[in-house]
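Colleague: Right, I'll just put the structure down here and ask away after.
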Amino acid sequence: MIKVENLTKYFGTVKAVDDISFEVKQGEVVGFLGPNGAGKTTTMRMLSGFLSADGGKISFGGKLIEDDIINAQKQIGYLPENNPLYKDMLVSEFLELSAELNNIPKEKKAEAFNFAVSSTGIKEIFYRPINELSKGFKQRVGIAAAILHRPSIIVMDEPTEGLDPNQRAEIRSLIRELAEDHTIIISTHVMQEASAVCDRMLIINKGKIIADGTTDELSRTGENEQSIFLDVEGDGVEQALQNVAGIKRVEIKNTEGNRIQAEIIADNSVKIQPDISRLIGERHWVVWKLSEKERELEDIFRSLTK
Ligand code: ATP
């Protein structure tokens, strides 16, 4: 459905997107994950035809978007970052404007409005001023505007950013509903978000794709490391742990006097628990907690983007 080959974009000397290639199948929900400045927005803007690439190709259904940008834009609905809405307008007026910008013919407008309004659940606020709406509803209005022209692909740049947990959950469930008959790409910083709604994730860092896979596949990457959580009280803890053979790094999470909570990262091939226990005995430390930490997606993300 979507094929991206060797896509590259510079801003001056900054290589915002660096030779990336990926494919998205019809009906797939793909998450772009990455830290600030990774290149997610730039990639999404190129996919949506709002920004031209400096190198590489994008095609939808085998057709290069640059060969017929108008047709490509018909196939894609784009919700930009920070959802720019005209806040002084009523929701109805904003959707009218969006319909005009998308060249929706007059006779098709009612049908388009019905579809977008019912899909996003904004009937009750259709005649309300945008500036009076909650953030969650504003986001729904932005999504309604993006799908008004019935695109088959929806690209959403950080659709849940700035929402409270309830609003986040509502927008996630809206995305899941839209996923039933759309191909969707969303960007987010939040791993849980991506794993909750996406079939697949692309992890982007410094303009490059550094991992591509399902939640399960990604959680198996970097399995060569183990992580132990230690909450211990005593003198010289950090230094002593760092000197234990096999420990790759000690990440201090919290300190309170000489009590330290730390995550200890070591190679999977070595058994470091006996050495830690010995050290605890020798130094007469007080152990508050010692546990093996489950690898979470956040850890994988952190180790991949470090
Ligand atoms: P965020 O999560 O903060 O939105 P992002 O992953 O979407 O980040 P981009 O916004 O694509 O990242 O930015 C990628 C790089 O390109 C950054 O270094 C950014 O400063 C730079 N950049 C993006 N847009 C422009 C622009 N219009 N002019 C100059 N530099 C830009």
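Colleague: Using the structure shown, select from 15/57; 15/138; 57/208; 25/57; 15/63; 138/206 the pairs with a Cα to Cα distance greater than 22 angstrom.
Modeller: 15/138; 15/63; 138/206
Colleague: Roughly how tilted is helix 91-101, in degrees to the nearest 10 and between 0 and 90, from the longest Cα axis of the chain?
Modeller: With rounding to tens, the tilt is 70 degrees.
Colleague: Collect residues whose amide H, placed 1.01 Å from N in the peptide plane, falls under 5 Å from the amide H of residue 225; neighbours closer than 5 in sequence don't count.
Modeller: 268
Colleague: Follow-up question, since we're still on this one. In whole Hz and in residue order, list the ³J(HN,Hα) couplings for the stretch 274-288 that follow from phi through the Karplus curve 6.51 cos²θ - 1.76 cosθ + 1.60, θ = phi - 60°; x for Gly and Pro.
Modeller: x, 5, 5, 4, 4, 4, 4, x, 4, 8, 6, 6, 9, 9, 8
Colleague: In terms of modelled amide H atoms, which long-range or inter-chain residues lie less than 5 Å from the amide H of residue 248?
Modeller: For residue 248, the qualifying residues are 265, 266, 267.
Colleague: If you don't mind, another one. Please give the helix 165-178 orientation as an angle from the longest Cα principal axis of the chain, in degrees from 0 to 90, rounded to the nearest 10.
Modeller: Rounded to the nearest ten degrees, it is 60.
Colleague: Along the principal axes of its C-alpha atoms, what lengths does the stretch 228-306 span, in descending order and rounded to whole Å?
Modeller: Reported extents, whole Å, longest axis first: 36, 28, 19.
Colleague: Let me ask another. Under 20 Å Cα-Cα from residue 109, which aspartates and glutamates qualify once same-chain neighbours fewer than 8 residues away are excluded?
Modeller: Reachable aspartates and glutamates: 93, 96, 100, 124.
Colleague: Residue 193: net charge of surrounding residues, Cβ under 9 Å, Lys/Arg +1, Asp/Glu -1, itself excluded?
Modeller: Around residue 193, the surrounding residues sum to +2.
Colleague: Within a 10 angstrom radius of the beta carbon, how do 280, 204 rank from fewest other beta carbons to most?
Modeller: Exposure proxy ranking, most exposed first: 280, 204.
Colleague: Choose one of 227, 214, 6: the residue whose Cα lies farthest towards the positive end of the charge dipole of the chain (beta-carbon charges +1 Lys, Arg; -1 Asp, Glu; about the Cα centre).
Modeller: Working it through, the farthest residue towards the positive pole turns out to be 6.
Colleague: Once you list every other residue whose beta carbon is under 10 Å from the beta carbon of residue 34, what net charge do they have if Lys and Arg are +1 and Asp and Glu are -1?
Modeller: +3
Colleague: Where Lys and Arg each count +1 and Asp and Glu each count -1, what net charge lies around residue 64 among other residues with Cβ under 11 Å from its Cβ?
Modeller: Neighbour charge sum, excluding residue 64 itself: -1.
Colleague: Follow-up. Given an 8 Å cut-off on Cα distances and at least 6 residues of separation, report the relative contact order of the chain as a percent.
Modeller: The value is 20 percent.
Colleague: Sequence gap at least 6, Cα distance under 8 Å: using those rules, report the relative contact order of the stretch 225-293 to the nearest whole percent.
Modeller: Rounded, it is 48 percent for the stretch 225-293.
Colleague: Moving on. Toward the positive end of the charge dipole of the chain, about the Cα centre and with charges on Cβ (Lys, Arg +1; Asp, Glu -1), which of 37, 76, 260 goes farthest?
Modeller: It is 76, whose Cα lies furthest towards the positive end.
Colleague: Could you run the Debye sum over the Cα atoms of the stretch 2-219, one equal point scatterer each and no solvent, and tell me log10 of I(q)/I(0) at q = 0.15 Å⁻¹, two decimals?
Modeller: Normalising to I(0) and taking log10 leaves -0.97.
Colleague: Give me, ordered by chain and number, the residues 5 or more places off residue 16 or on other chains with an amide H under 5 Å from its own placed amide H.
Modeller: Correct list: 9, 10, 11.
Colleague: Further question on the same structure: Of all DSSP beta bridges located in the chain, what percent are antiparallel, nearest 5?
Modeller: Looking only at bridges with both residues in the chain, the antiparallel portion is about 70 percent.
Colleague: In deg cm²/dmol, rounded to 500, what helix-only [θ] at 222 nm does the chain give when every DSSP H run of at least 4 residues adds -39500 (n - 2.57) and the total is split over its residues?
Modeller: So the calculated ellipticity at 222 nm is -10000 deg cm²/dmol.
Colleague: Whole-Hz ³J(HN,Hα) for each residue in the stretch 153-160, computed from phi via Karplus 6.51 cos²θ - 1.76 cosθ + 1.60 with θ = phi - 60°, x for glycine and proline: what do you get?
Modeller: Calculated HN-Hα couplings, in order: 10, 10, 10, 10, 8, 6, x, 10 Hz.
Colleague: Another question about this same structure. What length, rounded to one decimal in nm, is gained on full extension from residue 206 through to residue 81, with 0.36 nm per residue of separation minus their alpha-carbon distance?
Modeller: 43.1 nm
Colleague: Rank these for me by crowding, 284, 149, 189, going from fewest to most other beta carbons within 10 Å. Write down the numbers at each step before the final one.
Modeller: Details: 284 8, 149 21, 189 15.
Listed from fewest to most nearby Cβ atoms, that is 284, 189, 149.
Colleague: Can you compute 3J(HN,Hα) from phi for each residue in the stretch 191-197, using the Karplus curve 6.51 cos²θ - 1.76 cosθ + 1.60 with θ = phi - 60°, rounded to whole Hz and x for Gly and Pro?
Modeller: 3J(HN,Hα) across the stretch 191-197, in whole Hz: 4, 4, 4, 5, 5, 6, 10.
Only the coordinates and a few stated rules stand behind these numbers; no lab work does. Just so you know, these numbers come straight off a predicted model, no measurement behind them. With ideal geometry, Cβ positions are generated from the backbone for all residues, glycine too; neighbour counts draw on all protein chains shown.
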